[in-house]
1. Using Cα-Cα distances under 8 Å and only pairs 6 or more residues apart, what relative contact order does the range 5-157 have, in percent?
2. At a Förster distance of 35 Å, what's the computed FRET efficiency of Ala91 paired with Ser55, Cβ-Cβ distance as r, to 0.05?
3. Comparing Met110, Met21, Met74, which has the greatest mean-square fluctuation in the GNM of the chain with Cα pairs linked when under 10 Å apart?
4. Just want the ordering: Tyr101, Tyr78, Tyr155, from fewest to most Cβ atoms lying within 10 Å of their own Cβ.
5. Gaussian network model of the chain, Cα springs within a sub-10 Å range: biggest mean-square fluctuation belongs to which of Val125, Val32, Val70?
6. First check a/c for the range 5-157, with a ≥ b ≥ c the square roots of the eigenvalues of its C-alpha gyration tensor; if it is under 1.5, answer rounded, and if not, answer prolate when a/b is larger than b/c or oblate otherwise.
7. What whole number of Å gives the distance from the Cα centroid of the range 115-161 to the Cα centroid of the range 63-83?
8. Subtracting the Cα-Cα distance from 0.36 nm times the residue separation, let me have the gained length for Asn107 to Thr29 in nm, one decimal.
Amino acid sequence: MAKTYEPIATQVLGVAGGFDMSSIPATFTDLVVVVNLPSVSGAGSIYFRVNGDGSDLYNCTILSGNGSAVACSMSGSYTLATIAPSPLTTATNIVMHFQNYASVSENKVMLTRFSQVGYRTSLGVNMWRSTAAINRIVLSTTSGSFPIGSTMTIYGILRAG
């Protein structure tokens, strides 16, 4: 089997805060971002922005469940893309798939998966209504911060063949 995922960069938080990955090369088809938060307390919703864009070009649909209840939320024309609603209470894993991130002829679609150990899981579809290539990803919370030891790794997906 051909190698298709190539690690681009990893950040490990030495102090509580957020992630900011820049200088992402445009040499891959897609990007996959994997985030591991060992524990989270007091943080609000998790969100991301691309290329530092804080304009109202983000749309989001999230389906979430906790084993006994299901919720769906949609938003349009927001200044950030939501991955998971608050509250954040336990260890959290996030996987984001940025499709055709380097294209300069189409809007960008991002698929997100989020899970909190023993609490809930969610799936999301986000759109950034811009044709600019993505070269920076910022991940943060609406309040609080990610704890020391949190990691974010970006992988480039190579074209098949």
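1. On the way: 440 pairs, mean separation 65.9, N = 153.
Worked out over the range 5-157, it gives 43 percent.
2. Values: r = 33 Å, r/R0 = 0.94.
Step by step, r from the Cβ atoms, then E = 0.60.
3. Met74
4. Working: Tyr101 23, Tyr78 15, Tyr155 19.
Fewest-to-most ranking of Tyr101, Tyr78, Tyr155: Tyr78, Tyr155, Tyr101.
5. Looking only at Val125, Val32, Val70, the biggest GNM fluctuation is shown by Val70.
6. Values: a/c = 1.68, a/b = 1.25, b/c = 1.34.
Cα axes put the range 5-157 in the oblate bin.
7. 15 Å
8. Details: separation 78, 0.36 × 78 = 28.08 nm, distance 1.44 nm.
Once the chain is fully extended between Asn107 and Thr29, it gains 26.6 nm.
Here, each number is a calculation from the coordinates, and none is a lab measurement. The shown structure was predicted, so the numbers you read here are calculated from the model rather than taken from an experiment. Methodologically, a virtual Cβ is constructed for each residue, glycine included, from the backbone with ideal geometry; neighbour enumeration extends over all protein chains shown.
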